[in-house]
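A short write-up of the structure that comes next.
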Amino acid sequence: MATTSAPSTPAAGLGAHCGTRTRRRSVFATRRCSLWGEGEFSEVSIGGRGVVAQEGARSRSARGVVSVRADAGTMVAATSGTRVRATSVLVVGATGTLGRQVVRRALDEGYDVRCLVRPRPAPADFLRDWGATVVNGDLSKPETLPATLVGIHTIIDCATGRPEEPIRTVDWDGKVALIQCAKAMGIQKFIFFSIHNCDQHPEVPLMEIKRCTEKYIADSGLNYTIIRLCGFMQGLIGQYAVPVLEDQAVWGTDAPTRIAYMDTQDVARLTLMALRNKKADRKMLTFAGPRAWTTQEVISLCERLAGQDAKVTTVPLGILKLARLVTRFFQWTNDAADRLTFSEILTSDTVFSAPMADTYSLLGVDPNESTTLEKYLQEYYSQILKKLKDLKAQSKQGQFYI
């Protein structure tokens, strides 16, 4: 992916950064974001609240503490003698489906992992139990970010907004703050997860934001790897595998959409390989599973492995379109409409897949090491059915029912 020089006003917003389209135009491609102040990428300008971070970045740069050049060895030395280990990694969104797998894999491979998590009533103790360091920070509160980046070599950004949040809050505003902080504090590599074909759907707010964030990173001057994903196998458990097993209704469509689902453990493994591989620097990669599946094919596979038929409730595509149009009439349902737009894409005649031969070759990976959906679901059903069998046996021995 070609990079261009950073604009003089990086914080000018989505509109200034992404420009306009000559064919299909999106509000995210043309709207100017007024939340960010003026400033170069070497500074952290955070909506008037980042004065300390901005001045701190300037003073560190003046003293030569922050290094922006990675050595070939295991350490990155700054001119003042401060050293940042090349194994020091910050995982943002570490409690999510993908983030926790990245944390686990990085720890297994010997990295010093720091996890950025939001303050929460139930602390992320499982991350500490694994051996990671947990620090509190919030992408929606940019002033909390600079301190979490001290001593970090690489950022792996797995974060995305919660369903109840406006899409912009984390996925655009928060990411801009994180990228600016990373640049100001001399982060050596930034890994960002995006969505496959996000540049083909400007009408979908989340996909357009991902495209604009890709460009923002590329123009920032940071060393980066952008990874576009198609879909996670883990998401199919709650959608299809469990409902089929429990004889509950399964929601689906008759659309021919095909998605090449990938196990998040494989995503994490390939991500760490990309982190170490210089050939992946300033590159955009797409990770896709071995085969693309339609909804009906996934349901049929679950039926076969569970040994019972599914109760399928088909949702016509027209209903989704109507629901999106209705929710657009009300300001408080705009975010629901945005998510329905994304659902509409997933139920259209679209293929979320990509050839992986070049990526496997670049990273030096054996394609046969990637988990197939058949194997993943087979392992799940064999484990869950065994547990159910054991529970049934225990309940009979104890003369009570579970």
List the pairs whose first member sits in region 193-211 and is under 18 Å from residue 93 (Cβ atoms), whose second member is modelled with pLDDT of 90 or more and hydroxyl-bearing (Ser, Thr, Tyr), and whose Cβ atoms are under 7 Å apart, counting only residues at least 6 apart or on separate chains?
-> 210/194
List pairs: first in region 300-314 and touching a residue at least 12 places away in the same chain (Cβ under 8 Å), second open to solvent by 60 Å² or more (accessible area, probe 1.4 Å), Cβ under 6 Å, 6+ apart or cross-chain?
-> 303/309; 305/378; 313/251; 314/254
Looking only at region 230-239, decide whether some residue is under 30 Å from residue 108 (Cβ atoms), open to solvent by less than 20 Å² (accessible area, probe 1.4 Å), modelled with pLDDT of 95 or more and in contact with a strand residue (DSSP E or B) (Cβ under 8 Å, 6 or more places away or on another chain).
-> yes
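Here are 176, 103, 113: which of them is under 19 Å from the mean Cα position of the chain (by Cα), modelled with pLDDT of 95 or more and farther than 27 Å from residue 221 by Cβ? Steps first, answer last, please.
On the way: 176 fails: farther than 27 Å from residue 221 by Cβ; 113 fails: farther than 27 Å from residue 221 by Cβ.
Residue meeting the stated conditions: 103.
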Only one residue in 340, 377, 320 is open to solvent by less than 60 Å² (accessible area, probe 1.4 Å), at pLDDT 90 or above and closer than 26 Å to residue 228 by Cα, so which one is that?
-> 377
Filtering region 213-251 down to residues that are within 21 Å of residue 157 (Cβ to Cβ) and acidic (Asp, Glu) yields 214, 219
Apart from one, (1) modelled with pLDDT of 95 or more; (2) loosely packed, with under 14 Cβ neighbours inside 10 Å; (3) among the aliphatic types (A, V, I, L, M) all hold for residue 288; the odd one out is (2)
Select from region 302-315 the residues that are touching a Phe, Trp or Tyr at 6+ places or on another chain (Cβ under 8 Å) and part of a helix (DSSP H, G or I) and write down the one among them that is surrounded by the fewest Cβ atoms within 10 Å (Cβ to Cβ).
-> 305
For residue 333, state whether it is open to solvent by less than 50 Å² (accessible area, probe 1.4 Å), at pLDDT 95 or above and part of a helix (DSSP H, G or I).
-> no
In region 86-101, is there at least one residue being charged (D, E, K, R) and outside any helix (DSSP H, G or I)?
-> no
Please list, ordered by first then second residue, the pairs with beta carbon atoms under 9 Å, 6 or more apart or interchain, first in region 353-376 and within 12 Å of residue 270 (Cα to Cα) and of a type in the set (Asp, Glu), second open to solvent by less than 70 Å² (accessible area, probe 1.4 Å) and not in a loop (DSSP other than H, G, I, E, B).
-> 366/360; 369/266; 369/269
Restrict the check to region 239-246 and report whether at least one residue is assigned to a loop (DSSP other than H, G, I, E, B) and either over 25 Å from residue 182 (Cβ atoms) or of a type in the set (A, V, I, L, M) (or both).
-> yes
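The values are calculated or read from the model by the stated rules, or taken from the named source; none is laboratory data. Here the structure is a predicted model, which is why all the values come from computation and not from measurement. A quick note on method: Cβ atoms are made from the backbone with ideal geometry, for glycine too, and the neighbour counts reach across all protein chains shown. Ligands, DNA and RNA are excluded from the accessible area calculation, which covers all protein heavy atoms including side chains. Shrake-Rupley method; radii C 1.70, N 1.55, O 1.52, S 1.80 Å.
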